[in-house]
1. Could you give me the residue pairs with C-beta distances under 6 Å whose first residue belongs to segment 225-239 and is free of Cβ contacts under 8 Å to residues at least 12 places away in the same chain, whose second residue is among the polar types (S, T, N, Q) and surrounded by 16 or more Cβ atoms within 10 Å (Cβ to Cβ) wherever it lies, and which are 6+ apart or on separate chains?
2. Could you tell me which numbered condition residue 133 fails, if it satisfies all but one of (1) surrounded by 24 or more Cβ atoms within 10 Å (Cβ to Cβ); (2) modelled with pLDDT of 95 or more?
3. How about segment 345-364: which of its residues are part of a helix (DSSP H, G or I), of a type outside the set (A, V, I, L, M) and more than 22 Å from the chain's Cα centre (by Cα)?
4. Testing residue 264 on (1) surrounded by fewer than 17 Cβ atoms within 10 Å (Cβ to Cβ); (2) within 21 Å of the chain's Cα centre (by Cα); (3) over 20 Å from residue 381 (Cα atoms), one condition comes back false. Which one is that?
5. Somewhere in segment 334-344, is a residue modelled with pLDDT of 95 or more, among the small types (Gly, Ala, Ser) and either buried (at least 22 other Cβ atoms within 10 Å of the Cβ) or not in a helix (DSSP H, G or I) (or both)?
6. So which residues in segment 98-130 are over 20 Å from residue 69 (Cα atoms) and at pLDDT below 90, if there are any at all?
7. Being buried (at least 20 other Cβ atoms within 10 Å of the Cβ) and part of a helix (DSSP H, G or I) narrows it down to one of 112, 154, so name that one.
8. Just one of 140, 172 is in a helix (DSSP H, G or I), surrounded by fewer than 22 Cβ atoms within 10 Å (Cβ to Cβ) and in contact with a helix residue (DSSP H, G or I) (Cβ under 6 Å, 6 or more places away or on another chain); which is it?
Amino acid sequence: MAIQEPVFATMFILALIALGEVVSIVTKAKIPMLLVTLIGFLILIWTGVLPKDIVDTSSFNQIGFLLVTPLVVHLGTLIPLKMMFKQYKAVLIALSGTFFAVLLVIPISTLIFGYETAVSGVGPLVGGIVAFIITSTELKEQGFGYLVAIPALILAIHKLFGIPVATLFLRKYALILRDKFSQNGEIAAALEAPVQKKEHHHSSNISSPKSKFNTANVLLFKLFVGGALAILLESFTGLHNTVWCLLIGIIGARIGFFEQNIMDNAKASSVAMIGAIFIVIDSMSEVSLQTFINFIPQILTIIILGLIGILIGSFLCSKLLKVNPYQGMALALTAMFGFPSDYILCQEVSRSLGRTDEEEKFLLDTLSPPMLIGGFTTVTVASVIIASFLIQTL
């Protein structure tokens, strides 16, 4: 079916995204929105219901590319430095898991499938959409566009592997905490004292500059200033602009140039995320059914190796830091699903195992800070750096 009108094209793609959101909500994030969206898109283009160029027709993917650097600057403003220092053990365990995942995936996948295939999957494996965009963009520019389906599909399905395993370990740790709580009445958190509830929402306790001039338009301008500076710094240093975006966001928030949640306050975060999802969907437009089937061994191998690497690294680091390995492995696995799934998981485990309101609150307050920090460390920071570095080695 030919679709020439951008508004119609955008509407059809948004319908797929909305369907994915509904399924994710109904299943409590057990079935990821992106998986529903990508599989639905592939089925519709394979059957000829939608044309392959529908995303290009919509032009919304161009908005996504335009807003990538401001979006990463925004993510930099969200990084809770105080909380990360308090939860330094969670940071080290999460990084250790990610490091071992890369250490396992790169050599073994290279031996089996080739170095390009291994690199194409690592960033999204331990990260999110930003790591995918970095990887897919560079793959196309360097002539490896045929591999883009690998990071896209890994991004779509790695949650299905990470969440069940993380749930298993988190439940085991929560049962230990609950038993101690019932015996003692209260117990200190295994890593550090629980932070205040507001920090569950990624507060970094940075005072936001209050000014009548901080309108949505001014805030958006500031984000683009940060993004432009990052691109300029990349041209001088060779370090990928997304890494600079993170640093600019962190520093800008600390000195008061950026508000915390600046993109939300600029009323642009929803459009930016939708644009990023359009980029992911567009990467699948040339994937045939045969290509999809052919890539299944690569995708499953990379995900399983990454999962094993995360478990090994986090287990060893947990033992070294004298942290319960169940907790350590669960928080390191947030690399495979991130926020808000990490917080939802803590809520579900606390609700299912807490026999009283006091137990439920105690479990949530104890479990959530390290889990949130694990997700921030891997998805927001480490995966961006890993993807930026490895993709340059092709």
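1. 234/241
2. (2)
3. Start the filter on segment 345-364 by keeping residues that are part of a helix (DSSP H, G or I), which leaves 345-353, 357-364.
If we keep only those that are of a type outside the set (A, V, I, L, M) too, we end up with 346-348, 350-352, 357-362.
Selection gives 350, 351, 352, 357, 358, 359, 360, 361, 362.
4. (3)
5. In the first step, residues of segment 334-344 are kept if they are modelled with pLDDT of 95 or more; the result is none.
Among the residues of segment 334-344, not one is modelled with pLDDT of 95 or more, among the small types (Gly, Ala, Ser) and either buried (at least 22 other Cβ atoms within 10 Å of the Cβ) or not in a helix (DSSP H, G or I) (or both), which makes the answer no.
6. Residues satisfying the conditions do not exist here.
7. Working: 112 fails: buried (at least 20 other Cβ atoms within 10 Å of the Cβ).
Going through 112, 154 in turn, the sole match is 154.
8. Working: 140 fails: in contact with a helix residue (DSSP H, G or I) (Cβ under 6 Å, 6 or more places away or on another chain).
Answer to the selection: 172.
The values are calculated or read from the model by the stated rules, or taken from the named source; none is laboratory data. This one's a predicted model, so the numbers in the text were calculated from it and none came from an experiment. Don't worry about glycine lacking a Cβ; one is built from the backbone with ideal geometry, like all the others, and counts go over all protein chains shown.
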